[in-house]
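Enquirer: Just dropping this structure here.
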């Protein structure tokens with residue numbers, strides 16, 4: 001079964017679940033869960049439930065997009 005994708009930031013709710021993150025990034029469920037386990041990722045945990053504010057998620061992506069591009073540029077040299 002294929003996973004739905006979300007391509008419009010405005011379609012994301014203010015509070016995201018792992019499924020929202022998965023759909024927006026177009027990654028596997030396990031990859032989305034691994035991302036939420038990162039120490040620097042802005043996840044909030046309520047028992048086993050994981051939630052992320054939309055604004056914090058977008059800030060995280062913005063902050064890490066440049067770092068990933070720079071890391072790939074270093075690999076090419």
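Enquirer: What's the ranking of 20-26, 41-47, 9-15 by average number of surrounding C-beta atoms within 10 Å, highest first?
Expert: Packing order, densest peptide first, comes out as 20-26, 41-47, 9-15.
Enquirer: When a footprinting reagent is the concern and you count Cβ atoms within 10 Å, what order do 30, 18, 52 take, fewest first?
Expert: 30, 18, 52
Any read-out appearing in this document is the output of simple, stated calculations on the displayed coordinates, not a laboratory observation. This is a predicted model, so every value here is computed, not measured. Every residue, glycine among them, receives a Cβ derived from its backbone with ideal geometry; neighbour counts consider all protein chains shown.
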